[in-house]
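Structure, as structure tokens:
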Amino acid sequence: MKRPLLIVVAAIGLVAGSAASQEPPPAPDRALPDAAQEARAQALFEGIRCVVCQHEAIADSPAVIAADMRGLVREQIAAGRSDAEIRQDLVRRYGDFVLFKPPVRLATWLLWFGPVGLMLAVAAGLLLTARRRRSESEALSPEEEARLADIMAEADLRPDPDAKPSDH
């Protein structure tokens, strides 16, 4: 009797624990009163990556941190900061990864040119491998062909019907 009760209590604990550990939903966004500023904020949201979701812009992300980032962008727009200043502040806080189009500089060369370099390296490797395989073996010398003919005659082997004259 104690065992089934213990299983039920453990199951309830697991369900309640997972429900309690979920992130609460973010507070609803409050748009800027000026329509031009809100349009500017929406345009900025599309170019900024959510640091939790990593594949979504903060405009589309349901994460709480994305909502906080949207609020931060709106605050900075209302304070009169330029788009470049807002991006610089986000990069300062979260790194170049927060931008969908990070700037090209020494630290981000791998992000920009790594995939192309990797594809070129693979193509070069495949090309070298294909060239090595194409090398054909040298033809037999007349002495080697005579020796092979002697071996074939002694072994009483059936000749290959698809063989070329040099293969006999």
Cβ-Cβ under 8 Å pairs, at least 6 apart or on other chains, the stretch 37-54 side within 12 Å of Ile86 (Cα to Cα), far side of a type in the set (Lys, Arg) and at pLDDT 90 or above: Ala41/Arg70; Ala41/Arg74; Leu44/Arg87; Phe45/Arg70; Gly47/Arg87; Ile48/Arg87
Quick one: which of Ala139, Ala84, Ala124 is in a helix (DSSP H, G or I), more than 30 Å from Ala31 (Cβ to Cβ) and among the small types (Gly, Ala, Ser)? Ala124
In the stretch 1-51, residues that are surrounded by 13 or more Cβ atoms within 10 Å (Cβ to Cβ), of a type in the set (Val, Ile, Thr) and at pLDDT below 90 total 1
Top-ranked residue of the stretch 79-136 - restricted to ones that are farther than 28 Å from Glu46 by Cβ and hydroxyl-bearing (Ser, Thr, Tyr), ranked as modelled with the highest pLDDT: Thr129
Can you name the residue in the stretch 145-168 that is under 56 Å from the mean Cα position of the chain (by Cα) and assigned to a helix (DSSP H, G or I) and is also modelled with the lowest pLDDT among such residues? Asp167
The one condition Ile77 fails out of (1) closer than 30 Å to Arg30 by Cβ; (2) under 24 Å from the mean Cα position of the chain (by Cα) is (2)
Which one is surrounded by the most Cβ atoms within 10 Å (Cβ to Cβ), of the residues in the stretch 78-112 that are touching an Asp or Glu at 6+ places or on another chain (Cβ under 9 Å) and touching a residue at least 40 places away in the same chain (Cβ under 8 Å)? Ala78
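The values are calculated or read from the model by the stated rules, or taken from the named source; none is laboratory data. Computed from a predicted model, the values in this text were never measured in an experiment. Positions of Cβ are generated from backbone atoms using ideal geometry, with glycine treated the same way; all protein chains shown enter the neighbour counts.
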